Amino acid sequence: MSSDLDTVFAALADPTRRAILTMLLEDDMAVTDVADPFEMSLAAISKHLTILTRAGLIAQEKRGRVKWCKLQPDALRSASVWMQGFGQFEPVNLDAFERFLATELGSDTAETRE
């Protein structure tokens, strides 16, 4: 499972690939349509799609002469289960933390920030 998680997280580490996944949430898309909003070559987009496919996050299929991409949401299941293990911790409230620091360290901390 660790190797699968590594592959999924490595694929998700790139902002272009995350943007592609977001686009595919709407509907299946042809590769050329996926590439359209990005300022990079079709070959570069194709490499991103290959990484997403290897991670199991998307599937690609040929329909006639057009290659289509489809989101595979189940591939995120193991990553989601792993991340839920961290759900036991409360999210950090940065405003409250800043107020705590200001109180504990004096007003110098708040003045230094400004």
**Asked** Restricting the search to the range 60-100, which residues are of a type in the set (D, E) and either modelled with pLDDT of 80 or more or not in a helix (DSSP H, G or I) (or both)?
**Response** E61, D74, E90
**Prompt:** Could you say which residue among K47, K70, K62 is basic (K, R) and more than 26 Å from D6 (Cβ to Cβ)?
**Reply:** K62
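With respect to T32, determine if the residue is in a helix (DSSP H, G or I), open to solvent by 30 Å² or more (accessible area, probe 1.4 Å), closer than 20 Å to A75 by Cα and not basic (K, R). Spell out how you get there, then give the answer.
Numbers: in a helix (DSSP H, G or I): yes; open to solvent by 30 Å² or more (accessible area, probe 1.4 Å): yes; closer than 20 Å to A75 by Cα: no; not basic (K, R): yes.
It is false that T32 is in a helix (DSSP H, G or I), open to solvent by 30 Å² or more (accessible area, probe 1.4 Å), closer than 20 Å to A75 by Cα and not basic (K, R).
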**Asked** So L25 fits all but one of (1) surrounded by 12 or more Cβ atoms within 10 Å (Cβ to Cβ); (2) in contact (Cβ under 8 Å) with a residue 24 or more places away in the chain; what number is the exception?
**Response** (1)
**Request:** Look at M29 and say whether it is more than 14 Å from the chain's Cα centre (by Cα) and modelled with pLDDT under 95.
**Result:** no
**Asked** How many residues, within the range 37-59, are in a strand (DSSP E or B) and either surrounded by fewer than 16 Cβ atoms within 10 Å (Cβ to Cβ) or in contact with a His (Cβ under 7 Å, 6 or more places away or on another chain) (or both)?
**Response** 1
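The values are calculated or read from the model by the stated rules, or taken from the named source; none is laboratory data. Keep in mind the model is a prediction, meaning the values are calculated, not measured. Positions of Cβ are generated from backbone atoms using ideal geometry, with glycine treated the same way; all protein chains shown enter the neighbour counts. In case anyone asks, the SASA skips ligands and DNA or RNA and just uses the protein heavy atoms, side chains included. Shrake-Rupley method; radii C 1.70, N 1.55, O 1.52, S 1.80 Å.
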